[in-house]
Amino acid sequence: MQPENTNLKAPWLDKEAENAETVYGANTEPDFKAVVEEGLNRRDLIKGVFTGAAIAATGGLAAQPAAAATTGLTFKPIQLTKKADFIDVPEGYDAGLVIAWGNPVTANAPEFDPMRQNGATQSQQFGYNCDMVTYHSLPSWNSTNSRRGLLCVNHEYTDPVAMFPSYGTPTKDQVDAELAAHGVSVIEIEEFYGVWQYNANSGYNRRITGETEMLITGPAAGDPLMQTSADRTGTRVKGTLNNCAGGQTPWGTFLTSEENFNQYFANRNSMAAGVNRDNMARLGTTGGASARRWESFYDRFDQAKEPNEANRFGWTVEIDPYDPNSMPKKRTSMGRCKHECASTTIAQNGQVVVYSGDDERFDYVYKFVTAGVFNRDNRAANMDLLDNGVLYVAKFNADGSGVWLPVVHGQGPLTMANGWRNQADVLIRLRQAGDALGATRMDRPEDVEVNPVTGIVYIACTNNTQRGVGAALGPDAANPRANNRSGHIIEIKEAGNDHTRTTFNWGIFMLCGDPDDKAQGTYFAGAPREKVSPIGAPDMLAFDNQGNLWIGTDGMQSAIGWQDALYACVTEGPERGTLMPFMNMPIGAETCGPAFTPDNETLFVAVQHPGEGGTFAAPTSNWPYGTGIPRPGIVFVKKSWGRGPIGS
Ligand code: FEO
Ligand code: CA
Ligand code: CA
């Protein structure tokens, strides 16, 4: 255990989180004027936080304590762009393509032919719309090799009008290609003289698709609501869909989280009335025909025929990339919602904590604390750690304190008397459990990441253009802006900097937008307006090993006019809040990934949905090949001459 740091000067962090009480019931929302004043006060309070030495994340795989805060962010920022169909990186850096949609992944995969895609071809090739990226060193899970490793990449969703030469009412080949273009790719990659290439013949390479068989584990496995006509046991499911962000466990597995799974399931209005249908409505499954029409070919996507299949989606999936024959596992202990991510950290006592956001307007932030502890000497002992533990949902109080409310059957309102059957029921109806507990309704919580140097947790709330609009819920302290089109970032410090604790303090780290936009109002952790870049719609977060926060945006163009980009930002010391753009995305693309090698000398970024809004016949981007249809892909970024940490 590391000694607790005593150099935390920020008033909001000095408050005794331990004294916050667990209070069940609806939030009391402060009035608008009070919210603004509270927000302004909080912004003043946060200035100058972490001016002392960096603290070590406690225990586990944490970095060694730093003697002094060294940010290393000395790169010359790029110019933001409005219609660039290329990737720009700072002077002294190079970016190169690692792999793109359709490239062969498995040993006998056919070459990409967009005129003839089907399930058989696509299931052996790199999938569409790459999102989360993690790097796993080879030859083994506890290696720190930064020259050869496995990339785990998930494929969030398909865009059939951009993928197929003609698309109207889909054919079965098209549906099968789409199912196969979802899921995950595992590829072996290696660096040769500064250039990363993937090995198309590696035995590690693997495609996991919307059809790959997976095990359902944890409290909800086998529950009647998980049983279907194809799986009476409620423990086996075909595939994973709409994987957004995820994480990497301390034992080297990949976590990938199912987000907007609702869109694949048709005909909710034809389900029998009752708890199951009400829950599907809360999650937004489709009332009538789905836009994708997969139900035309597969009954499991028709809720009238298979009312429980959708209950088998919305989970976090664990995959072992080091064992290409391992079966992916849907870990139900972490609950079912539109999970954005699953970011892990090791607590002081060795318990593992997984943070996640539910990306929907007015939904919640969660964390899961394992019952067992991480065993660094025996990997096998960790492989089912995520099946047992306690799930919590966050309540942010207006005074800067917060509480993690246990999402546990029998506790608080989650009782038999209130209609909750058991923990499986609670997890399958997680959003409704959060409603009952009175958790704080957030502005679309996306990525949640833990700073490896300080232990502070960062939450990206990407935007919420409905906040305070019409009859919708108005602003509160943690979501202080009405019509929040640019989003914000919250930081929280767990009580005692112990990630297993159930109380915390929090503050606003960044109110995004154009710093010159006085109407919307912005805040950059106290950094002066002239030293920061515009930013909108923060989504993916990552930390380098210096504790600098890297922020990828999704939808910045509609928020403030600039193409999506990747930024770096200092989180402590006198430069705290100084936000600089590092990399822009091509036309229509969202900034995904980002992942660093252990030595911090390579950055991987996923370019998702380049040319979004275009069609196969009329593409709006030609990235990455400069001709033809756009192809989502993974790029690496390195310093051009010699080696050096990314950001320097
Ligand atoms: Fe798939 Fe919440 O972004
Ligand atoms: Ca995302
Ligand atoms: Ca997003």
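The values are calculated or read from the model by the stated rules, or taken from the named source; none is laboratory data. Everything numeric here is computed off the predicted structure, so don't read it as measured data. Neighbour counts run over all protein chains shown; Cβ positions are idealised from the backbone, glycine included. Please note that ligands, DNA and RNA were not included when accessible areas were found on the heavy atoms of the full protein model with its side chains. Shrake-Rupley method; radii C 1.70, N 1.55, O 1.52, S 1.80 Å.
3J(HN,Hα) couplings calculated from phi for segment 185-191 with the Karplus curve 6.51 cos²θ - 1.76 cosθ + 1.60 (θ = phi - 60°) are, in sequence order, 10, 10, 9, 7, 10, 8, 9 Hz; Gly and Pro show x. Per-residue 3J(HN,Hα) values for segment 238-250, derived from phi via the Karplus relation 6.51 cos²θ - 1.76 cosθ + 1.60 with θ = phi - 60°, read 8, x, 10, 10, 6, 6, 9, 7, x, x, 10, 7, x Hz in sequence order (x marks Gly and Pro).
Cα gyration tensor of segment 289-411, axes a ≥ b ≥ c as square roots of the eigenvalues: rounded (a/c below 1.5), prolate (a/b > b/c) or oblate? Numbers along the way, then the final one.
Numbers: a/c = 2.44, a/b = 1.27, b/c = 1.93.
Oblate is the answer for segment 289-411, as a/c is 1.5 or above yet b/c matches or exceeds a/b.
Rounded, prolate or oblate, given the Cα gyration tensor of segment 448-590, with a/c below 1.5 counting as rounded? Cα axes put segment 448-590 in the oblate bin.
Sequence-ordered 3J(HN,Hα) estimates for segment 505-520 from the Karplus curve with 6.51, -1.76 and 1.60 and θ = phi - 60° stand at 10, 9, x, 7, 8, 8, 9, 6, x, 7, x, 8, 7, 6, 5, 6 Hz, glycine and proline given as x.
Put simply, the amide H of Val133, placed in the peptide plane, has neighbours under 5 Å in Gly593, leaving out anything fewer than 5 places away on its chain. Extension gain, Met416 to Ser166: 0.36 nm times the residue separation minus the Cα-Cα distance gives 84.8 nm.
Note that the chain shows a convex hull volume over its alpha carbon atoms of 141 Å³ per residue. Here's how it looks for Gln125: its modeled amide H is under 5 Å from those of Val105, which are all 5 or more places away or on a different chain. Dipole check for segment 496-599: with +1 at the C-beta of Lys and Arg, -1 at the C-beta of Asp and Glu, and the Cα centre as origin, the magnitude is about 260 Debye.
Return the carbon/sulfur percentage of the accessible area of segment 339-405, one whole number, probe 1.4 Å, all protein chains in place. Here carbon and sulfur together make up 43 percent of the probe-accessible area.
Since only Asn388, Ile489, Thr591 are under comparison, the one whose Cα sits farthest along the positive direction of the charge dipole of the chain, derived from C-beta charges on Lys, Arg, Asp and Glu, is Asn388. For the chain, a simple Cβ point-charge model (Lys and Arg +1, Asp and Glu -1, everything else neutral) yields a dipole of about 360 debye relative to the Cα centre. Taking a span of 20 Å or more along the helix axis (Cα atoms) and a mean Kyte-Doolittle hydropathy of at least -1.0 as the rule, the DSSP H helices of the chain that qualify are 32-46.
Projecting the Cα atoms of Asn311, Gly287, Pro321 onto the charge dipole of segment 285-344, computed from C-beta unit charges around the Cα centre, puts Gly287 farthest toward the positive end.
When the chain is described by a simple charge dipole with +1 on each Lys and Arg Cβ and -1 on each Asp and Glu Cβ, the residue from Val426, Gln557, Gln348 located farthest towards its positive end is Val426.
Under 8 Å for C-alpha pairs, at least 6 residues apart: give me the relative contact order for the chain, rounded to a whole percent.
Values: 1828 pairs, mean separation 112.1, N = 648.
Averaging sequence separation for qualifying contacts and normalising by length gives 17 percent for the chain.
Would segment 237-316 count as rounded, prolate or oblate if I go by the C-alpha gyration tensor, calling it rounded below 1.5 in a/c and otherwise prolate when a/b exceeds b/c, oblate otherwise? Because a/c hits 1.5 or more and a/b exceeds b/c, segment 237-316 counts as prolate. Here the extension length gained between Glu111 and Val408 equals 102.0 nm, from 0.36 nm per residue of separation less the Cα-Cα distance.
A simple spin-label model places pseudo-atoms 7 Å from Cα toward Cβ; at Ser558 and Ala289 they are separated by 2.4 nm. Checking the Cα-Cα distances for Lys238/Lys329; Lys172/Lys305; Lys367/Lys395; Lys329/Lys493; Lys238/Lys305 against a 21 Å cut-off, the pairs over it are Lys329/Lys493.
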